[in-house]
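The values are calculated or read from the model by the stated rules, or taken from the named source; none is laboratory data. In this text, all values refer to a predicted model and were calculated from it rather than measured experimentally. Cβ coordinates were reconstructed from backbone atoms using ideal geometry, including for glycine residues, and neighbour counts include every protein chain displayed. Ligands, DNA and RNA are excluded from the accessible area calculation, which covers all protein heavy atoms including side chains. Shrake-Rupley method; radii C 1.70, N 1.55, O 1.52, S 1.80 Å.
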Amino acid sequence: MRFDDAKKQAIIIYLLEKVEQNAPGISKAVSETFSVNQNTIHTYINELVDANVIRRVKRGQYELITRHCEYTLSREKGELDSDLYAYDHCMAPYLKEFAVNIRDIWSYTFSEMINNVMDHSRSERVRIRIDQDYLKTRASILDDGVGIFKKIKEYFGFATLDEAICELFKGKLTTDSHNHSGEGIFFTSKLMDEFFIVSSGKVFSNNRFDQSDITSFTEAAFSGTGVFMALSNHSQKRPKDVFDLYSNEDGRFSKTRIPLKNMFDSSPVSRSQAKRVCNRLEGFQEVILDFDGIQWMGQGFAHQLFHVFASEHPEIRLNPVNMSEDVRKMYVHVS
């Protein structure tokens, strides 16, 4: 049975996802999902083996073939004088056959992250690694500089690293406003399917489902900053669509979304916690306050946020979403 190119591509991607998951009985599972003869699936598997997309591990088990390359760029050699050099030398060769939207996303995100190294890290060199299989492309950028979270904390005078990292969720955060808008990390984290920044024992992350997080880890050997990004080679995302989600009709970055569960270890209760949320919100026209995972909030927190701040800044729209019943009741009580 012959299928049009779109259906065959859908079958192949699903098949390869099963290979990536090391799922048992791949040919049968794919056959049943798409109501396709199992012999057809075997044919596709053989084609993928011949094309060096997958390799046989043992009977009925396969693995994706991944190519990778590593680069080291030196400031002394002038290799960190331009983000274009890094992109053209390290990233562009892996994207030649991809759709325009994929190339545009990588051009923006990779260049933004390299610019951060160039202008903020004070690192003398950066290590770059590209890993690519049929499904996705991954890029890691590691420098041995001052550490991004530590620099933000010290520049703005935040009390903790977590407070510094939380500001990254909002966007428009930069320690060099003359040369940077502070939008690079924010939009890169939204454009990528997976995005991690590792520094000073902390991990800031965001994934394709727009789920953000802060975690801690212990790794004495790690210094500087590591940025890790991954994007599907078949993504339908377009940069414009993502930018438009956070822009007004004039194209200005005017909207932000704050995942409150990532800012607090427990339900927020105090006015000081609310003031932490409100820090730098004057730069936005709309603020989406995501209460997902928050079971309730204290009266002081709610009053400071939805009455005091809202009264002082009527030009800013506070839009609470994903409120539990208890959170909603307190919101109504103070509004």
*For region 298-306, indicate whether the set of residues that are assigned to a loop (DSSP other than H, G, I, E, B) and within 25 Å of Phe204 (Cβ to Cβ) is non-empty.*
no
*Give Val277, Val287 a once-over and let me know the one that is closer than 23 Å to Ala164 by Cβ, open to solvent by less than 80 Å² (accessible area, probe 1.4 Å), of a type in the set (A, V, I, L, M, F, W, C) and not in a helix (DSSP H, G or I).*
Val287
*What number of residues within region 1-28 are of a type in the set (A, V, I, L, M, F, W, C) and in contact with a Leu (Cβ under 9 Å, 6 or more places away or on another chain)?*
6
*Criterion: open to solvent by 60 Å² or more (accessible area, probe 1.4 Å), more than 30 Å from Gly184 (Cα to Cα), of a type in the set (A, V, I, L, M) and at pLDDT 90 or above - qualifying residue of Val57, Val49, Val53*: Val57
*For region 290-316, how many residues meet the condition of being within 24 Å of Leu245 (Cα to Cα), open to solvent by 30 Å² or more (accessible area, probe 1.4 Å) and aromatic (Phe, Trp, Tyr)?*
0
*Output the residues belonging to region 93-140 that are in contact (Cβ under 8 Å) with a residue 60 or more places away in the chain and in a strand (DSSP E or B).*
Arg129, Ile130, Asp131, Gln132, Lys136, Thr137, Arg138, Ala139, Ser140
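Conditions (1) within 22 Å of His234 (Cα to Cα); (2) hydrophobic (A, V, I, L, M, F, W, C); (3) open to solvent by 20 Å² or more (accessible area, probe 1.4 Å); (4) outside any loop (DSSP other than H, G, I, E, B), marked per residue:
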position	(1), (2), (3), (4)
Lys7	yes, no, yes, yes
Leu16	yes, yes, no, yes
Val19	yes, yes, no, yes
Glu32	no, no, yes, yes
Asn39	no, no, yes, yes
His42	no, no, yes, yes
*asked:* Can you tell me which condition Met330 does not meet? The list is (1) open to solvent by 30 Å² or more (accessible area, probe 1.4 Å); (2) within 29 Å of the chain's Cα centre (by Cα), and all the others hold.
replied: (2)
*Residue check: is Ile148 hydrophobic (A, V, I, L, M, F, W, C), modelled with pLDDT under 90 and farther than 17 Å from Leu80 by Cα?*
yes
_Pairs with Cβ under 8 Å, 6+ apart, first in region 15-43 and more than 14 Å from Gly60 (Cβ to Cβ), second exposed (fewer than 11 other Cβ atoms within 10 Å of the Cβ) and of a type outside the set (Val, Ile, Thr)_ = Val36/Met1; Asn37/Met1; Thr40/Met1
_Hits in region 21-30 (condition: open to solvent by 80 Å² or more (accessible area, probe 1.4 Å) and either under 32 Å from the mean Cα position of the chain (by Cα) or under 20 Å from Tyr134 (Cα atoms) (or both))_ = Gln21, Asn22, Pro24
*Taking the options Asp88, Asp83, name whichever one is in contact with a helix residue (DSSP H, G or I) (Cβ under 8 Å, 6 or more places away or on another chain), among the charged types (D, E, K, R) and either under 29 Å from Asp241 (Cα atoms) or surrounded by fewer than 20 Cβ atoms within 10 Å (Cβ to Cβ) (or both).*
Asp83
*asked:* in a helix (DSSP H, G or I), without any contact (Cβ under 8 Å) to a residue 12 or more places away in the chain and among the charged types (D, E, K, R): is that true of Glu47 in this structure?
replied: yes
*Output the number of residues of region 151-172 satisfying the condition of being modelled with pLDDT under 85, open to solvent by 10 Å² or more (accessible area, probe 1.4 Å) and of a type in the set (Asp, Glu).*
2
_Complete set of residues in region 58-106 that are hydroxyl-bearing (Ser, Thr, Tyr) and touching a Leu at 6+ places or on another chain (Cβ under 9 Å)_ = Tyr62, Ser74, Tyr85
*Looking at region 209-246, which of the residues that are open to solvent by 20 Å² or more (accessible area, probe 1.4 Å) and among the β-branched types (Val, Ile, Thr) is modelled with the highest pLDDT?*
Thr215
